[in-house]
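The values are calculated or read from the model by the stated rules, or taken from the named source; none is laboratory data. Quick caveat, the model's predicted, so the values are computed rather than measured. Every residue, glycine among them, receives a Cβ derived from its backbone with ideal geometry; neighbour counts consider all protein chains shown. Protein only, heavy atoms only, side chains kept; ligands, DNA and RNA dropped before computing areas. Shrake-Rupley method; radii C 1.70, N 1.55, O 1.52, S 1.80 Å.
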Amino acid sequence: MTLRTQAARESDVVRSDNIPLGVFPCTFGETGGGAMEATSKPKLSKNLMRMKFMQRGLDAETKKQLEEEEKKIISEEHWYLDLPELKEKESFIIEEQSFMLCEDLLYGRMSFRGFNPEIEKLMVQMNAKHKEEEVEDVTMEADVSDEEMARRYETLVGTIGKKFAKKRDRAQYDEDENGNIRPVKAKKTFLKPQD
Amino acid sequence: MHCWIMAASPISSSGPRVARTMLGQVVLPGEELLLPDSAGPGTEGSAEQTLRLGAVVRPRTRVVCGPGLRRCGDRLLVTKCGRLRHKEPSGGGSGGGGGGVYWVDSQQKRYVPVKGDHVIGIVTAKSGDLFKVDVGGSEPASLSYLAFEGATKRNRPNVQVGDLIYGQFVVANKDMEPEMVCIDSNGRANGMGVIGQDGLLFKVTLGLIRKLLAPDCEIIQEIGKLYPLEIVFGMNGRIWVKARTIQQTLILANVLEACEHMTTEQRKQIFSRLSES
(Lines give C-alpha, C1' and ligand atoms only; values in the text may rest on other atoms or scores of the structure.)
Protein backbone atom coordinates (compact mmCIF):
# COMPACT_ATOMS: atom_id res chain seq x y z
CA MET A 1 0.00 0.00 0.00
CA THR A 2 2.62 2.47 1.02
CA LEU A 3 4.66 1.75 -2.03
CA ARG A 4 1.84 2.72 -4.27
CA THR A 5 1.22 6.01 -2.54
CA GLN A 6 4.88 6.86 -2.73
CA ALA A 7 4.87 6.17 -6.41
CA ALA A 8 1.70 8.23 -6.99
CA ARG A 9 3.20 11.19 -5.20
CA GLU A 10 6.31 11.17 -7.28
CA SER A 11 4.38 11.00 -10.50
CA ASP A 12 2.29 13.98 -9.39
CA VAL A 13 5.38 16.03 -8.77
CA VAL A 14 6.64 15.37 -12.24
CA ARG A 15 3.35 16.24 -13.92
CA SER A 16 2.83 19.48 -12.05
CA ASP A 17 5.95 20.93 -13.62
CA ASN A 18 4.42 20.40 -17.03
CA ILE A 19 7.46 18.61 -18.25
CA PRO A 20 6.70 15.62 -20.45
CA LEU A 21 7.98 12.33 -19.16
CA GLY A 22 9.92 11.56 -22.22
CA VAL A 23 12.29 14.47 -21.79
CA PHE A 24 14.17 12.99 -18.87
CA PRO A 25 17.12 10.90 -19.85
CA CYS A 26 16.84 8.50 -16.90
CA THR A 27 14.16 5.90 -17.26
CA PHE A 28 11.64 5.70 -14.45
CA GLY A 29 9.34 2.78 -14.01
CA GLU A 30 5.77 2.81 -15.23
CA THR A 31 4.56 4.46 -12.04
CA GLY A 32 7.41 6.95 -12.00
CA GLY A 33 8.65 5.70 -8.66
CA GLY A 34 12.10 4.59 -7.63
CA ALA A 35 13.81 1.39 -8.48
CA MET A 36 10.92 -0.60 -6.98
CA GLU A 37 8.53 -2.39 -9.32
CA ALA A 38 4.84 -2.10 -8.66
CA THR A 39 3.66 -4.96 -10.84
CA SER A 40 4.57 -7.89 -8.56
CA LYS A 41 4.40 -7.70 -4.77
CA PRO A 42 7.97 -7.64 -3.50
CA LYS A 43 9.07 -10.10 -0.86
CA LEU A 44 9.68 -8.26 2.38
CA SER A 45 11.86 -9.65 5.11
CA LYS A 46 10.48 -10.89 8.43
CA ASN A 47 12.18 -8.13 10.35
CA LEU A 48 10.49 -5.53 8.21
CA MET A 49 7.10 -7.18 8.77
CA ARG A 50 7.66 -7.06 12.52
CA MET A 51 8.06 -3.31 12.51
CA LYS A 52 5.25 -1.26 13.91
CA PHE A 53 4.27 0.62 10.76
CA MET A 54 3.85 -2.63 8.83
CA GLN A 55 1.62 -4.13 11.51
CA ARG A 56 -1.04 -1.48 11.18
CA GLY A 57 -2.17 -2.62 7.78
CA LEU A 58 -2.25 -6.30 8.52
CA ASP A 59 -5.30 -8.41 9.26
CA ALA A 60 -5.85 -9.99 12.62
CA GLU A 61 -5.04 -13.40 11.24
CA THR A 62 -1.68 -12.53 9.83
CA LYS A 63 -0.88 -10.75 13.10
CA LYS A 64 -1.66 -13.89 15.08
CA GLN A 65 0.46 -15.98 12.77
CA LEU A 66 3.38 -13.65 13.15
CA GLU A 67 3.04 -13.70 16.94
CA GLU A 68 2.97 -17.47 17.04
CA GLU A 69 6.03 -17.68 14.92
CA GLU A 70 7.83 -15.32 17.21
CA LYS A 71 6.84 -17.29 20.29
CA LYS A 72 8.08 -20.48 18.68
CA ILE A 73 11.43 -18.94 18.00
CA ILE A 74 11.74 -17.61 21.55
CA SER A 75 10.70 -20.83 23.28
CA GLU A 76 13.10 -22.86 21.22
CA GLU A 77 15.94 -20.61 22.16
CA HIS A 78 15.08 -20.69 25.88
CA TRP A 79 17.41 -22.63 28.14
CA TYR A 80 15.98 -24.64 30.99
CA LEU A 81 17.27 -26.94 33.65
CA ASP A 82 16.31 -30.55 33.33
CA LEU A 83 15.92 -31.10 37.08
CA PRO A 84 13.02 -32.34 39.18
CA GLU A 85 11.06 -29.60 40.89
CA LEU A 86 12.43 -28.83 44.33
CA LYS A 87 9.92 -27.89 46.98
CA GLU A 88 10.77 -24.58 48.57
CA LYS A 89 11.39 -25.08 52.25
CA GLU A 90 9.20 -22.73 54.16
CA SER A 91 11.00 -21.58 57.24
CA PHE A 92 8.96 -20.66 60.23
CA ILE A 93 11.80 -19.04 62.05
CA ILE A 94 12.68 -15.41 61.45
CA GLU A 95 16.04 -14.03 62.48
CA GLU A 96 16.22 -10.61 64.07
CA GLN A 97 19.31 -9.07 65.54
CA SER A 98 17.68 -6.17 67.30
CA PHE A 99 16.88 -6.02 71.00
CA MET A 100 14.06 -3.57 70.41
CA LEU A 101 11.76 -6.37 69.37
CA CYS A 102 12.62 -8.56 72.33
CA GLU A 103 12.42 -6.21 75.23
CA ASP A 104 10.12 -3.23 75.42
CA LEU A 105 12.74 -0.62 75.98
CA LEU A 106 11.91 2.97 76.77
CA TYR A 107 12.94 5.90 74.67
CA GLY A 108 16.62 6.72 75.02
CA ARG A 109 16.40 10.43 75.81
CA MET A 110 15.17 11.40 79.24
CA SER A 111 14.85 14.54 81.23
CA PHE A 112 13.77 14.94 84.85
CA ARG A 113 12.37 17.77 86.94
CA GLY A 114 11.99 20.15 84.07
CA PHE A 115 15.58 20.32 82.95
CA ASN A 116 14.61 20.11 79.28
CA PRO A 117 10.85 20.57 78.74
CA GLU A 118 10.92 19.50 75.10
CA ILE A 119 12.50 16.21 75.99
CA GLU A 120 9.93 15.67 78.72
CA LYS A 121 7.13 16.20 76.24
CA LEU A 122 8.83 13.82 73.86
CA MET A 123 9.19 11.21 76.60
CA VAL A 124 5.48 11.20 77.24
CA GLN A 125 4.75 11.01 73.55
CA MET A 126 7.15 8.20 72.71
CA ASN A 127 6.41 6.05 75.72
CA ALA A 128 2.69 6.41 75.29
CA LYS A 129 3.03 5.47 71.65
CA HIS A 130 4.99 2.44 72.65
CA LYS A 131 2.55 1.26 75.29
CA GLU A 132 -0.73 1.86 73.55
CA GLU A 133 -0.23 1.43 69.88
CA GLU A 134 -3.82 0.63 69.14
CA VAL A 135 -5.53 3.49 70.85
CA GLU A 136 -5.00 6.48 68.64
CA ASP A 137 -5.34 9.99 69.89
CA VAL A 138 -8.22 11.25 67.84
CA THR A 139 -8.97 14.42 69.74
CA MET A 140 -6.39 17.00 68.79
CA GLU A 141 -5.61 19.78 71.15
CA ALA A 142 -7.19 22.95 69.91
CA ASP A 143 -4.78 25.85 69.79
CA VAL A 144 -7.59 28.34 69.34
CA SER A 145 -10.79 28.06 71.34
CA ASP A 146 -14.12 27.63 69.61
CA GLU A 147 -15.36 31.07 70.61
CA GLU A 148 -12.38 32.78 69.11
CA MET A 149 -12.85 30.78 65.92
CA ALA A 150 -16.46 31.95 65.68
CA ARG A 151 -15.39 35.54 66.20
CA ARG A 152 -12.76 35.30 63.53
CA TYR A 153 -15.17 33.84 61.05
CA GLU A 154 -17.59 36.65 61.70
CA THR A 155 -15.08 39.26 60.72
CA LEU A 156 -13.80 37.12 57.87
CA VAL A 157 -17.19 37.22 56.22
CA GLY A 158 -16.99 40.99 56.24
CA THR A 159 -13.50 41.12 54.77
CA ILE A 160 -14.28 38.79 51.91
CA GLY A 161 -17.59 40.50 51.32
CA LYS A 162 -15.82 43.83 51.00
CA LYS A 163 -13.60 42.38 48.31
CA PHE A 164 -16.52 41.54 46.09
CA ALA A 165 -18.64 44.58 46.87
CA LYS A 166 -18.84 47.41 44.39
CA LYS A 167 -17.17 50.70 45.05
CA ARG A 168 -20.31 52.35 46.29
CA ASP A 169 -21.08 49.54 48.70
CA ARG A 170 -17.60 49.54 50.13
CA ALA A 171 -18.41 52.66 52.06
CA GLN A 172 -20.95 50.67 54.04
CA TYR A 173 -18.32 48.50 55.62
CA ASP A 174 -17.10 50.29 58.71
CA GLU A 175 -14.01 49.27 60.61
CA ASP A 176 -13.80 48.28 64.25
CA GLU A 177 -11.24 49.63 66.67
CA ASN A 178 -9.10 46.57 66.15
CA GLY A 179 -9.29 46.90 62.42
CA ASN A 180 -11.77 44.03 62.16
CA ILE A 181 -14.40 44.69 59.58
CA ARG A 182 -17.92 44.41 60.89
CA PRO A 183 -20.28 43.08 58.29
CA VAL A 184 -23.06 45.33 57.18
CA LYS A 185 -26.43 44.44 58.61
CA ALA A 186 -28.87 46.39 56.49
CA LYS A 187 -28.62 46.84 52.76
CA LYS A 188 -29.88 50.06 51.24
CA THR A 189 -32.81 49.32 49.03
CA PHE A 190 -35.03 51.51 46.95
CA LEU A 191 -37.49 53.42 49.12
CA LYS A 192 -40.67 54.14 47.37
CA PRO A 193 -41.58 57.78 47.86
CA GLN A 194 -44.76 58.26 49.79
CA ASP A 195 -47.31 60.36 48.21
CA MET B 1 16.76 -38.31 66.12
CA HIS B 2 14.79 -35.96 68.23
CA CYS B 3 15.01 -36.98 71.88
CA TRP B 4 13.03 -35.41 74.66
CA ILE B 5 15.49 -34.80 77.48
CA MET B 6 14.52 -32.82 80.54
CA ALA B 7 16.54 -29.77 81.38
CA ALA B 8 18.20 -31.16 84.49
CA SER B 9 20.40 -33.56 82.56
CA PRO B 10 24.00 -32.59 81.77
CA ILE B 11 24.87 -31.10 78.44
CA SER B 12 27.19 -33.94 77.54
CA SER B 13 24.31 -36.30 76.79
CA SER B 14 23.39 -36.07 73.16
CA GLY B 15 20.27 -34.56 71.79
CA PRO B 16 18.88 -31.08 71.60
CA ARG B 17 16.60 -29.75 74.28
CA VAL B 18 13.27 -28.07 73.97
CA ALA B 19 13.54 -24.33 74.14
CA ARG B 20 10.57 -23.90 76.40
CA THR B 21 12.12 -25.93 79.18
CA MET B 22 15.32 -23.91 79.09
CA LEU B 23 13.91 -20.50 79.84
CA GLY B 24 15.98 -18.57 82.32
CA GLN B 25 18.81 -21.05 82.22
CA VAL B 26 22.31 -20.57 81.01
CA VAL B 27 22.93 -21.73 77.47
CA LEU B 28 26.29 -22.06 75.76
CA PRO B 29 27.22 -21.51 72.13
CA GLY B 30 26.77 -24.58 70.01
CA GLU B 31 23.69 -25.91 71.73
CA GLU B 32 20.69 -26.70 69.65
CA LEU B 33 17.20 -26.01 70.88
CA LEU B 34 14.01 -27.61 69.71
CA LEU B 35 11.02 -25.49 69.12
CA PRO B 36 7.88 -26.72 70.81
CA ASP B 37 5.13 -28.25 68.75
CA SER B 38 2.50 -25.80 67.66
CA ALA B 39 -0.27 -28.03 68.97
CA GLY B 40 0.57 -26.87 72.46
CA PRO B 41 1.27 -28.65 75.72
CA GLY B 42 -0.17 -32.02 76.56
CA THR B 43 0.45 -33.51 73.17
CA GLU B 44 3.55 -35.41 74.09
CA GLY B 45 1.90 -38.63 73.07
CA SER B 46 1.01 -37.42 69.64
CA ALA B 47 4.42 -35.86 69.21
CA GLU B 48 6.10 -39.14 69.97
CA GLN B 49 3.83 -40.88 67.60
CA THR B 50 4.74 -38.56 64.80
CA LEU B 51 8.39 -39.07 65.64
CA ARG B 52 8.02 -42.81 65.41
CA LEU B 53 6.36 -42.54 62.05
CA GLY B 54 9.35 -40.61 60.85
CA ALA B 55 7.54 -37.41 60.07
CA VAL B 56 9.31 -34.23 60.93
CA VAL B 57 7.63 -32.05 63.50
CA ARG B 58 7.14 -28.64 61.98
CA PRO B 59 6.03 -25.73 64.11
CA ARG B 60 3.19 -23.93 62.44
CA THR B 61 3.47 -20.61 64.22
CA ARG B 62 6.17 -18.21 63.23
CA VAL B 63 8.88 -17.84 65.80
CA VAL B 64 11.33 -14.98 65.90
CA CYS B 65 14.85 -15.77 66.98
CA GLY B 66 16.51 -12.73 68.44
CA PRO B 67 20.08 -11.82 69.29
CA GLY B 68 22.27 -14.73 70.30
CA LEU B 69 20.29 -17.31 68.34
CA ARG B 70 20.47 -18.56 64.79
CA ARG B 71 18.25 -20.67 62.62
CA CYS B 72 19.56 -24.13 61.96
CA GLY B 73 17.08 -26.11 59.95
CA ASP B 74 14.07 -26.41 62.19
CA ARG B 75 15.97 -25.71 65.36
CA LEU B 76 17.63 -22.80 67.04
CA LEU B 77 21.37 -22.69 67.40
CA VAL B 78 22.85 -20.73 70.28
CA THR B 79 25.69 -18.41 69.35
CA LYS B 80 26.25 -16.47 72.59
CA CYS B 81 26.42 -17.56 76.17
CA GLY B 82 23.80 -16.21 78.49
CA ARG B 83 20.31 -16.85 79.77
CA LEU B 84 17.58 -17.90 77.40
CA ARG B 85 14.58 -15.61 77.42
CA HIS B 86 11.21 -15.75 75.81
CA LYS B 87 8.45 -13.28 75.21
CA GLU B 88 4.93 -14.30 74.38
CA PRO B 89 3.21 -12.38 71.65
CA SER B 90 0.87 -9.70 72.89
CA GLY B 91 -2.86 -10.42 72.64
CA GLY B 92 -3.98 -7.79 70.14
CA GLY B 93 -0.64 -7.45 68.48
CA SER B 94 -0.14 -6.93 64.79
CA GLY B 95 0.92 -10.54 64.33
CA GLY B 96 4.59 -9.74 64.06
CA GLY B 97 5.50 -11.79 67.10
CA GLY B 98 3.22 -14.72 66.42
CA GLY B 99 4.70 -17.62 68.32
CA GLY B 100 6.85 -15.45 70.49
CA VAL B 101 10.42 -14.27 70.53
CA TYR B 102 13.37 -16.20 71.89
CA TRP B 103 16.69 -14.55 72.64
CA VAL B 104 19.80 -14.89 74.73
CA ASP B 105 20.39 -12.30 77.42
CA SER B 106 24.14 -11.89 77.27
CA GLN B 107 26.65 -9.34 78.44
CA GLN B 108 29.22 -7.65 76.29
CA LYS B 109 31.05 -4.38 75.94
CA ARG B 110 31.71 -4.27 72.22
CA TYR B 111 28.83 -2.98 70.15
CA VAL B 112 27.85 -4.36 66.76
CA PRO B 113 25.64 -2.01 64.71
CA VAL B 114 22.09 -3.22 64.34
CA LYS B 115 19.44 -1.66 62.14
CA GLY B 116 16.95 0.44 64.03
CA ASP B 117 19.09 1.00 67.12
CA HIS B 118 19.37 4.51 68.55
CA VAL B 119 22.99 5.30 69.31
CA ILE B 120 25.19 8.17 70.38
CA GLY B 121 27.98 8.89 67.93
CA ILE B 122 30.91 11.28 67.83
CA VAL B 123 31.56 13.14 64.57
CA THR B 124 35.12 12.39 63.51
CA ALA B 125 35.29 13.77 60.00
CA LYS B 126 33.38 15.94 57.61
CA SER B 127 33.90 15.16 53.94
CA GLY B 128 31.73 16.98 51.46
CA ASP B 129 28.14 15.89 52.01
CA LEU B 130 28.93 13.17 54.46
CA PHE B 131 29.84 13.01 58.12
CA LYS B 132 31.83 10.14 59.54
CA VAL B 133 30.50 9.23 62.96
CA ASP B 134 32.25 6.94 65.42
CA VAL B 135 29.66 4.66 67.04
CA GLY B 136 31.97 2.16 68.71
CA GLY B 137 31.65 -0.46 66.01
CA SER B 138 34.23 -1.85 63.62
CA GLU B 139 33.94 1.06 61.21
CA PRO B 140 32.62 4.60 61.45
CA ALA B 141 29.06 5.11 60.29
CA SER B 142 28.20 7.57 57.59
CA LEU B 143 25.65 10.31 58.13
CA SER B 144 24.39 12.42 55.30
CA TYR B 145 23.87 16.12 55.92
CA LEU B 146 20.36 15.83 54.49
CA ALA B 147 19.33 13.36 57.17
CA PHE B 148 18.43 16.07 59.67
CA GLU B 149 15.04 17.63 60.17
CA GLY B 150 14.53 20.61 57.94
CA ALA B 151 17.82 20.20 56.13
CA THR B 152 18.04 21.11 52.48
CA LYS B 153 20.92 21.66 50.14
CA ARG B 154 20.96 25.35 50.98
CA ASN B 155 20.09 24.97 54.65
CA ARG B 156 22.83 22.80 56.05
CA PRO B 157 22.78 21.55 59.63
CA ASN B 158 25.25 23.05 62.03
CA VAL B 159 27.41 20.02 62.80
CA GLN B 160 31.11 20.28 63.63
CA VAL B 161 33.79 17.69 64.15
CA GLY B 162 33.62 16.51 67.74
CA ASP B 163 29.87 16.97 68.14
CA LEU B 164 27.69 14.31 69.71
CA ILE B 165 24.91 12.93 67.56
CA TYR B 166 21.90 10.88 68.63
CA GLY B 167 20.61 8.94 65.65
CA GLN B 168 19.43 5.57 64.42
CA PHE B 169 20.79 3.11 61.91
CA VAL B 170 19.10 2.57 58.58
CA VAL B 171 21.70 0.21 57.17
CA ALA B 172 23.67 -2.04 59.45
CA ASN B 173 24.89 -5.43 58.32
CA LYS B 174 28.18 -7.22 58.14
CA ASP B 175 28.68 -6.57 54.45
CA MET B 176 28.24 -2.83 54.27
CA GLU B 177 29.36 0.28 56.03
CA PRO B 178 26.71 1.32 58.58
CA GLU B 179 24.62 4.34 57.74
CA MET B 180 22.72 6.41 60.24
CA VAL B 181 20.16 9.17 60.09
CA CYS B 182 18.72 11.69 62.51
CA ILE B 183 15.14 11.64 61.29
CA ASP B 184 12.45 9.00 61.42
CA SER B 185 10.45 7.64 58.51
CA ASN B 186 8.07 10.62 58.63
CA GLY B 187 10.88 13.11 58.35
CA ARG B 188 10.64 14.33 61.94
CA ALA B 189 13.54 14.51 64.36
CA ASN B 190 11.84 13.00 67.43
CA GLY B 191 14.66 14.02 69.69
CA MET B 192 17.45 12.89 67.37
CA GLY B 193 20.16 15.15 66.10
CA VAL B 194 23.01 17.03 67.69
CA ILE B 195 23.14 16.72 71.46
CA GLY B 196 23.63 20.06 73.14
CA GLN B 197 26.52 21.68 74.86
CA ASP B 198 28.22 20.59 78.07
CA GLY B 199 27.41 17.36 79.78
CA LEU B 200 29.54 14.22 80.09
CA LEU B 201 29.79 11.17 77.85
CA PHE B 202 30.92 7.87 79.33
CA LYS B 203 30.84 4.23 78.39
CA VAL B 204 29.16 1.29 80.09
CA THR B 205 28.36 -2.28 79.13
CA LEU B 206 25.53 -3.02 76.74
CA GLY B 207 23.68 -5.10 79.29
CA LEU B 208 23.47 -2.18 81.70
CA ILE B 209 21.90 0.03 79.05
CA ARG B 210 19.18 -2.50 78.46
CA LYS B 211 18.65 -2.91 82.16
CA LEU B 212 18.31 0.84 82.64
CA LEU B 213 15.95 1.21 79.73
CA ALA B 214 13.62 -1.53 80.92
CA PRO B 215 10.12 -0.19 81.55
CA ASP B 216 10.17 -0.98 85.27
CA CYS B 217 13.66 0.19 86.13
CA GLU B 218 13.89 1.52 89.66
CA ILE B 219 17.29 3.11 89.18
CA ILE B 220 16.00 5.63 86.69
CA GLN B 221 13.03 6.46 88.84
CA GLU B 222 15.23 7.09 91.85
CA ILE B 223 17.72 9.13 89.88
CA GLY B 224 14.92 11.28 88.55
CA LYS B 225 14.02 12.32 92.08
CA LEU B 226 17.47 13.62 92.98
CA TYR B 227 17.79 16.81 90.99
CA PRO B 228 16.96 18.22 87.54
CA LEU B 229 18.99 16.41 84.94
CA GLU B 230 19.02 15.13 81.41
CA ILE B 231 20.24 11.72 80.22
CA VAL B 232 20.63 10.22 76.78
CA PHE B 233 21.17 6.46 76.43
CA GLY B 234 22.80 5.05 73.33
CA MET B 235 22.42 1.36 72.59
CA ASN B 236 26.13 1.26 71.82
CA GLY B 237 26.94 1.50 75.51
CA ARG B 238 27.35 5.29 75.68
CA ILE B 239 25.51 7.50 78.13
CA TRP B 240 25.48 11.27 78.12
CA VAL B 241 24.42 13.11 81.26
CA LYS B 242 23.96 16.73 82.09
CA ALA B 243 22.95 18.49 85.29
CA ARG B 244 23.05 22.04 86.59
CA THR B 245 26.53 21.87 88.09
CA ILE B 246 29.62 19.88 87.23
CA GLN B 247 29.59 18.17 90.61
CA GLN B 248 26.05 16.87 90.12
CA THR B 249 26.98 15.63 86.65
CA LEU B 250 29.96 13.72 88.02
CA ILE B 251 27.92 12.21 90.83
CA LEU B 252 25.40 11.02 88.29
CA ALA B 253 28.05 9.48 86.06
CA ASN B 254 29.63 7.63 88.98
CA VAL B 255 26.31 6.31 90.20
CA LEU B 256 25.34 4.99 86.80
CA GLU B 257 28.66 3.30 86.27
CA ALA B 258 28.65 1.70 89.68
CA CYS B 259 25.05 0.57 89.83
CA GLU B 260 25.79 -2.37 87.61
CA HIS B 261 27.63 -4.16 90.39
CA MET B 262 25.67 -2.96 93.37
CA THR B 263 22.96 -4.80 95.18
CA THR B 264 19.63 -3.17 95.79
CA GLU B 265 20.39 -2.28 99.41
CA GLN B 266 23.70 -0.66 98.61
CA ARG B 267 22.04 1.37 95.90
CA LYS B 268 19.27 2.51 98.23
CA GLN B 269 21.83 3.57 100.83
CA ILE B 270 23.72 5.64 98.32
CA PHE B 271 20.61 7.31 97.04
CA SER B 272 19.41 8.17 100.50
CA ARG B 273 22.80 9.69 101.28
CA LEU B 274 22.70 11.71 98.11
CA SER B 275 19.23 12.99 98.64
CA GLU B 276 20.20 14.18 102.11
CA SER B 277 23.17 16.19 101.01
So the carbon and sulfur contribution to the accessible area of the stretch B:146-277, 1.4 Å probe, in percent, is 49
Here the stretch B:121-128 yields Karplus 3J(HN,Hα) values (6.51, -1.76, 1.60; θ = phi - 60°; whole Hz; Gly and Pro given as x) of x, 10, 6, 9, 8, 10, 10, x
Restricting to lysines and to Cα separations under 24 Å from A:Lys46, and discarding same-chain partners fewer than 8 apart, the set is A:Lys63, A:Lys64, A:Lys71, A:Lys72
Counting sequence-distant residues (5 or more places) and residues on other chains, those with an amide H built under 5 Å from that of B:Leu69 are B:Thr79, B:Val104
Output ordering of B:158-164, B:178-184, B:252-258, A:147-153 (per-residue mean of other Cβ within 10 Å, highest first) is B:178-184, B:252-258, B:158-164, A:147-153
If every Lys and Arg gets +1 and every Asp and Glu gets -1 at its Cβ, then about the Cα centre the stretch B:187-277 yields a dipole, in debye to the nearest 20, of 200
If amide H atoms are modeled at 1.01 Å from N in the peptide plane, then the residues at a separation of 5 or more from B:Ile120, or on another chain, having amide H under 5 Å from its own are B:Gly234, B:Met235, B:Asn236, B:Arg238
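Find how much the distance from A:Glu118 to A:Arg56 grows on full extension, using 0.36 nm per residue of separation minus their present alpha carbon separation; answer in nm with one decimal.
So the chain would gain 15.5 nm between A:Glu118 and A:Arg56.
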Here, chymotrypsin sites (Phe, Trp or Tyr not before Pro) of the stretch B:127-236 satisfying both criteria (DSSP loop; at most 10 other Cβ within 10 Å) are none
Phi-derived 3J(HN,Hα) across the stretch B:104-117 with the Karplus relation (6.51, -1.76, 1.60, θ = phi - 60°), rounded Hz, x for Gly and Pro, is 10, 8, 10, 10, 7, 9, 7, 9, 10, x, 10, 5, x, 6
Whole-Hz Karplus couplings 3J(HN,Hα) for the stretch A:67-76, θ = phi - 60° and coefficients 6.51, -1.76, 1.60, Gly and Pro as x, run 4, 4, 4, 4, 4, 4, 4, 5, 5, 6
Residues meeting the amide H criterion for A:Glu95 (H placed from the backbone, H to H distance under 5 Å, 5 or more places apart or on another chain) are B:Cys65
Per DSSP, the loop-located trypsin sites (Lys or Arg not before Pro) within the stretch B:95-159 having at most 15 other beta carbons within 10 Å are B:Lys109, B:Arg110, B:Lys153, B:Arg154
